[in-house]
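Some notes on the structure that comes next.
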Amino acid sequence: MSRPPKSAASALPEWSADLKAGDPDRFVLGVLTPPPGRAAVLALYAWNLEVARCPERTNEPMLGLMRLAWWRDTLERLCAGQPAASGSPLARALAEAVARHDLPFAPFADILAARQREVDGLDLPDLAAVEAHVASLNGSLGELAATVLGIEDGPSRRAVRAAFLAQGLCGVVRALPGHVAEGRPVLPADRLRALETTPTRLVSDSGRGARKVILGDILGLAEDHLAVARRPGGGSGGGTDGGSGGGSAGKMAPSARPLLLVNVQTRGYLKALRRSGFDLHDRRVVGPNPRPLGLALAQLLPGVFG
């Protein structure tokens, strides 16, 4: 059971309770962010959770699309410096974050567009398309969080984006049974065809062999990006999201460390997935595990960050 420091917990807004319940991993990471940027980072994570839930309304997709459209209009106005409807307490917190940190609209737009594609029906022909979809979501969230913390140098921003992308790729694997049930699995169509399987069969006992191949490919990408997150200028990561940048490894800014703590969680889930034999119902894989002890140690050990 993870518990943030009392001083941090006492200062948390009421809307953060939903984040704590719905995305405990990011909640803990947000609480561990230094106070100057903590409120804005938590608001970003809470907003990310809210829009992630829009495609889950499979019985009433129009409601999800309407909510996404409302957020698009609201954020476009806020990022342009124009007033917008105050909406919920979370919307007001996000408005303050946008104004205080001069957040750009483009990453918000990428996230919203990706969620709309999930409502409309994903078309992911290959592994590169899977990676690009996750990059639009998690990579864009990482860009916003990096801007909040004032991270400007290229290596540090690449490291944060790669770390969030690795987290996202691992996340779509862990969430696969739920996504299959909702009719929106994040899987490469060409791999499914080549192995003569379907998303439903893939998450069943009979799909163990194909699951090991396809999910192994996705997790291989996650591991590539995790390597880039540790050495953003000289990593050997593959993929299509700028992971193989040349040159010598850049020294990352100290301000990036709170965001790179996500690597601790991602490594834990990657190990659990492989050790379980890609058992998507294993409690080590399914249940959230923010790893507060590991995060605390990582804060004390700069070597964790590459």
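A few notes on this one:
- Within region 59-94, the set of residues being basic (Lys, Arg) and within 21 Å of ALA106 (Cβ to Cβ) comprises ARG67, ARG72, ARG77.
- Helices (runs of 4 or more DSSP H) wholly inside region 143-239 containing at least 2 residues that are polar (S, T, N, Q) and either crowded, with 23+ Cβ neighbours inside 10 Å or on the phi < 0 side of the Ramachandran plot (or both): 154-174
- Qualifying positions in region 88-101 - in contact (Cβ under 8 Å) with a residue 40 or more places away in the chain and farther than 10 Å from VAL148 by Cβ: SER88, PRO89, LEU90, ALA93, LEU94, GLU96
- Filtering region 270-290 to residues that are of a type in the set (A, V, I, L, M) and surrounded by fewer than 18 Cβ atoms within 10 Å (Cβ to Cβ) leaves only VAL286.
- Across region 176-193, the qualifying residues are those that are among the small types (Gly, Ala, Ser) and over 17 Å from the mean Cα position of the chain (by Cα), and the one among them that is nearest to ARG115 (Cα to Cα) is GLY183.
- Neighbours by Cβ (under 6 Å, 6+ apart or cross-chain): first from region 276-301, at positive phi; second surrounded by 12 or more Cβ atoms within 10 Å (Cβ to Cβ): PHE278/ARG211; PHE278/LYS212; PHE278/LEU215; ARG291/VAL264; ARG291/GLN265; ARG291/GLY268
- Look at (1) without any contact (Cβ under 8 Å) to a residue 24 or more places away in the chain; (2) among the polar types (S, T, N, Q); (3) buried (at least 17 other Cβ atoms within 10 Å of the Cβ) and you find that GLN82 fails only one, number (3).
- Residue match in region 236-249 (condition: closer than 27 Å to GLY37 by Cβ and modelled with pLDDT of 95 or more): no
The values are calculated or read from the model by the stated rules, or taken from the named source; none is laboratory data. On a predicted model such as this, the values are computed, not experimentally measured, just so you know. Note that each Cβ is placed from the backbone with ideal geometry, even for glycine, and that neighbours are counted across all protein chains shown.
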